[in-house]
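No lab work stands behind these numbers, since they all come straight from the coordinates. These figures come from a predicted structure and were not determined experimentally. Here the Cβ is made from the backbone with ideal geometry for all residues, glycine too, and neighbour counts use every protein chain on show.
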Amino acid sequence: MRNLIPVTILLVLAISAAPQSVPSERTMELEGLTSPVRILTDPWGVSHIYADNQNDLFFAQGFNAARDRLFQLEMWRRRATGTWSEVLGPEALDSDIGARLLRLRQPIEEELRHYHPQGPEIIGSFVRGINAYIEETRRNPEWLPLEFRLLGLQPGLWTPEVVVSRHNGLFRNAGDEVRLARLVRRLGAPKVMELLRFVPSDPRLEAAPGLDLSLIDPEVLELYRASRGSPEFRPQHIVDEALRAQLPPRLRIASRGLGDPFDLGSNNWVIAPHRTFSGRPYMANDPHRRQQIPSLRYFVHLSAPGWDVIGGGEPALPGVSIGHNRHGAWGLTIFSIDQEDLYVYETDPEDTLRYRYKDGWERMRVESETVPVRGQPAETIELRFTRHGPVLHQDLENHRAYALRAAWLEIGTSPYLPSLRFDQARTWEEFRQACAFFLAPSENMIWADRDGNIGWQATGITPLRPNWDGLLPVPGDGRFEWAGYLPVLELPSVFNPPAGHFSSANQNNLPSGYPHRIGFRWTEPFRYGRIEEVLGSKKLLGLGDMKALQHDEYSIPARQLVPLLKGVSSTRPLVGQALSMLLAWDRVLAADSAAAAVYSLWERHLAEEVQKLLVPDPETRELARRLPIGNLIRFLHAPDARLGEDPVEERGNLLISCLGAAVDELAGRFESRDPKDWRYGDARLHHNQLRHPLSEAVNRETRRKLDIGPFPRGGNSFTVNNTNSSDNQTSGASFRVIVDVGEWDRSVATNHPGQSGDPDSPHYRDLAAGWSANRYFPLLYSKARVEAAARLLLTLRPKGHSE
């Protein structure tokens with residue numbers, strides 16, 4: 001009998017012998033280029049840009065970003081310039097006023113040069129590239145994505161000032177100051193300290209002498225919030241009546257759950273080579289931001305003399321903020337520095353432009369601007385400023401003014417732009433020096449390089465407050481002034497830690513005894529705890545371990561809460577069945593798990609009921625938001641008299657009554673009292689449904705084209721796979737990257753729902769199903785691998801260029 005070659009070998013031989021697929025090709029001639037640029041797009045929509053010089057490289061990055069994300073860029077531009085009223089009418093006026101009030105007012109040349117020694121040239125080239133594509137759409141209107149046609153809108157041209165806008169940054173904590181001021185007034189500082197979570201402990205939460213907390217209400221921050229909110233599109237904004245929604249837009253009601261702004265965060269970690277099977281470092285990062293269409297982040301590969309960097313950034317910014325070059329890889333998570341303060345002034349009853357400062361009066365600076373408004377004459381607005389910053393609100397009746405002092409209005413605080421310096425870093429020392437320029441948002445920056453080094457450097461502009469902690473508003477009369485800023489490199493850092501890994505998940509990671517009080521509002525440490533459990537439990541780690549950990553859905557809070565059910569019982573058979581399910585459950589919030597469905601609603605009901613015990617007044621309870629789950633766990637493990645005369649017995653009654661409420665809710669949602677029909681990851685419980693910004697303004701057929709999902713989801717706010725704790729996953733990791741340092745082509749990534757923002761593009765939603773199934777795509781880097789995989793070759797040539 002003759003020898004047979006195994007089928008698998010035959011398949012490998014056939015594949016290797018097959019000719020590589022030839023990408024479709026297209027050529028364009030453009031003003032503004034000096035040499036040809038090649039843009040290769042791979043099967044996952046990632047563009048690999050090859051240029052002969054730096055200016056052409058960033059021109060092409062801007063051009064390509066506009067080609068993929070033009071409507072997203074137009075939304076960014078209008079938010080940055082305060083011109084949404086021109087499209088949406090008077091309902092957007094507060095947004096425009098807020099955007100203009102909070103606009104950067106610094107010398108633009110100095111601002112641009114902060115981000116890179118050639119910052120003006122790089123950002124200028126990027127802007128010219130965006131504008132070159134916009135000019136092409138004016139000659140070819142059919143290139144405009146669907147959104148422009150629906151709104152009858154033309155994209156506007158960009159300037160460097162749009163790029164350096166601060167409107168999309170994650171900053172803190174002016175909003176929390178107003179909320180805490182109202183809570184302290186209602187409950188007193190000790191009760192607020194017990195109710196919420198402040199770390200490090202014992203911050204100063206008393207109102208400053210002479211500050212009347214009763215005058216501070218949400219109206220103070222209306223312009224601030226409006227400037228950072230998303231535009232609301234309504235049917236009347238759609239120019240084609242046949243495509244409009246025929247019913248008024250639904251009221252946007254937040255999903256019931258345990259969501260909290262301090263759960264919005266990220267995970268990252270680096271692994272030293274002696275801890276990996278390959279002997280190479282790993283860098284893993286999954287930022288947890290809003291889930292949206294299109295995604296916030298956008299992958300790109302930039303290659304030119306002096307540049308060879310790949311990864312993700314925001315499409316409106318040049319460079320790459322998370323990724324790798326030939327030498328090392330880096331990632332980020334939020335490091336919770338308090339960068340804002342709300343100042344309260346006494347104003348002159350006879351002259352509202354005068355405010356008290358020290359022993360006299362100072363006069364506000366006033367700027368007038370004209371805002372175009374759709375459907376009515378333009379509005380002339382007056383913007384006012386104190387020595388501390390823009391005036392957000394004036395209370396004429398009580399003679400008070402409120403201004404924002406924001407560290408992010410200083411030179412060099414445009415979010416993520418200093419990443420341009422990371423993109424060329426070759427060593428830990430160069431990376432750390434680049435960190436000195438990274439002022440906003442405040443971040444945990446991690447690094448891993450080909451020499452086997454790993455490290456962490458906290459970054460961010462840090463106000464020094466000599467006589468208060470920044471948690472409450474303070475008088476603006478000169479008693480509460482910043483004493484400058486802490487040098488970035490005096491923030492904590494680690495280089496080659498003995499454990500062979502470093503991780504962060506927005507938890508308090510200030511070293512014990514750290515001398516500077518920089519912030520007190522950090523994410524609860526459950527994601528971090530789980531990451532450390534996994535990384536510390538294995539001697540050697542592989543790429544598969546990195547993937548599994550990014551999608552890990554084990555719940556440490558469940559491990560703390562479920563054992564409390566031992567010894568309790570119920571006379572209701574279905575509740576008894578649910579009780580048995582939970583006690584036998586593996587504590588993994590898997591999408592296909594019935595026990596996870598039971599646990600998720602039981603946890604919600606427990607938090608709600610304990611919150612009622614601790615804060616009986618409904619209005620105050622709503623102001624306090626949800627009870628931190630760590631406080632819930634501590635209260636239930638050590639119940640007190642607020643539960644009743646026998647706290648332990650009453651705790652058992654509470655646990656079982658909340659379980660009964662959870663079971664009844666599940667039976668209603670799934671229209672079944674059989675637990676076999678319940679699933680945690682279901683459109684009726686925990687899912688991801690992406691709504692396009694125009695979704696509620698258009699008819700059903702168009703909406704189906706724009707919206708994406710629903711997808712089943714596991715996890716919650718406290719699992720490494722952070723899918724938040726609301727019914728619909730509105731935040732969490734859409735963008736993920738795992739870098740195999742040195743073997744760059746083995747790196748993998750996700751970007752939900754796709755690379756393109758154009759609903760007619762094949763890359764609008766092509767990554768969504770893989771993301772939902774926890775699959776990655778290869779993040780190709782070597783030129784040979786990119787060329788072999790490319791589906792499209794776009795060559796950009798200078799106008800009039802000849803071969």
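Using a Förster radius of 22 Å, what is the FRET efficiency between residue 399 and residue 204 based on their Cβ-Cβ separation? Nearest 0.05, please.
The calculated FRET efficiency here is 0.25.
Cross-link candidates for residue 566: which lysines have Cα within less than 30 Å, leaving aside residues fewer than 8 places away along the same chain?
Of all the lysines, those that pass the test against residue 566 - Cα under 30 Å, at least 8 places apart if same chain - are 612, 676.
Label 7 Å along Cα→Cβ of residue 583; segment 542-564 residues with amide nitrogen under 14 Å?
Residues passing the 14 Å test: 562-564.
Find how much the distance from residue 782 to residue 468 grows on full extension, using 0.36 nm per residue of separation minus their present alpha carbon separation; answer in nm with one decimal.
107.8 nm
Once you place label points 7 Å from the Cα toward the Cβ at residue 222 and residue 641, how far apart are they in nm?
According to this spin-label approximation, the distance is 4.5 nm.
In whole Å, how far is the Cα centre of segment 494-522 from that of segment 423-492?
Their Cα centres are 12 Å away from one another.
Say a paramagnetic label sat at a point 7 Å from the Cα of residue 571, along Cα to Cβ; which residues of segment 640-656 have their backbone N under 19 Å from it?
649-656
So for the pair residue 185, residue 110, with labels modelled 7 Å out along Cα→Cβ, what separation do we get in nm?
The two pseudo-label positions are separated by 3.8 nm.
How big is the shadow of the Cα convex hull of segment 296-442, averaged over all directions, in nm²?
Seen from a random direction, the Cα hull of segment 296-442 projects 13.7 nm² on average.
I'd like to compare 107-119, 675-687: which one has the highest average count of other Cβ atoms within 10 Å, and what's the full order after that?
675-687, 107-119
If we sort 593-603, 543-553, 73-83 on the protection proxy, mean other Cβ atoms within 10 Å, highest first, what's the order?
Final packing ranking: 593-603, 73-83, 543-553.
Given 0.36 nm per residue, what is the gain on full extension from residue 363 to residue 648 after removing their alpha carbon distance, in nm?
Contour length minus the Cα-Cα distance gives 96.5 nm.
Taking a ≥ b ≥ c as the square roots of the eigenvalues of the Cα gyration tensor of segment 259-325, is the shape rounded (a/c under 1.5), prolate (a/b larger than b/c) or oblate?
oblate
Please give, to one decimal in nm, the separation of the simple spin-label points placed at residue 676 and residue 760, each 7 Å out from Cα toward the Cβ.
Here the modelled spin labels are 5.0 nm apart.
Grab the alpha carbons of the chain, take their convex hull, and tell me the volume per residue in Å³.
201 Å³
Estimate the FRET efficiency between residue 427 and residue 773 by the formula 1/(1 + (r/R0)^6), using the beta-carbon distance for r and 25 Å for R0, to the nearest 0.05.
0.05
Relative contact order for segment 72-160: what is it in percent, counting Cα pairs under 8 Å that are at least 6 residues apart?
Once normalised by length, the contact order is 25 percent.
Could you tell me the relative contact order of segment 578-684? Use alpha-carbon pairs under 8 Å, at least six residues apart, and round to a whole percent.
It comes to 43 percent, rounded to a whole number.
If you take every DSSP beta bridge fully contained in the chain, what fraction is antiparallel? Give it as a percent rounded to 5.
Once the DSSP bridges in the chain are tallied, antiparallel ones form about 85 percent.
How much of the calculated P(r) for segment 570-700 lies past 25 Å, in percent of all Cα pairs?
Of all Cα-Cα pairs in segment 570-700, 37 percent lie more than 25 Å apart.
What FRET efficiency would be calculated for the residue pair residue 489, residue 22, taking the C-beta separation as r and a Förster radius of 45 Å, to the nearest 0.05?
Once the sixth-power term is evaluated, E becomes 0.35.
Given 37 °C and 0.692 mPa s, how large is the Stokes-Einstein diffusion coefficient of segment 330-411 in µm²/s, with Rh as the Kirkwood radius over Cα pairs?
Answer, rounded: 220 µm²/s.
Based on the inverse mean of 1/r over its pairs of different Cα atoms, what is the Kirkwood hydrodynamic radius of segment 649-793, in Å?
Its Kirkwood hydrodynamic radius stands at 18.3 Å.
log₁₀ I(q)/I(0) of segment 523-602 at q = 0.17, 0.18, 0.19 Å⁻¹, via Debye over equal Cα point scatterers, no solvent, to two decimals?
Treating every Cα as an identical point scatterer, log10 I(q)/I(0) equals -0.76, -0.82, -0.88.
If you take the Cα Rg of segment 361-447 and divide it by 2.2 N^0.38 Å, with N the number of residues, what do you get?
Its radius of gyration relative to the 2.2 N^0.38 Å reference: 1.66.
Need the C-alpha centroid separation for segment 111-141 versus segment 274-310, integer Å.
Answer, in whole Å: 23.
Enter the mean projected area of the convex hull around the alpha-carbon atoms of segment 91-243, in nm², rounded to one decimal.
Approximately 14.6 nm², given one-decimal rounding.
Any chance you could run the full-extension gain for residue 701 through residue 194? It's 0.36 nm times the residue separation minus the Cα-Cα distance, nm to one decimal.
Roughly 177.4 nm would be gained on extension.
If contacts are Cα pairs under 8 angstrom and at least 6 residues apart, what is the relative contact order of the chain in percent?
21 percent
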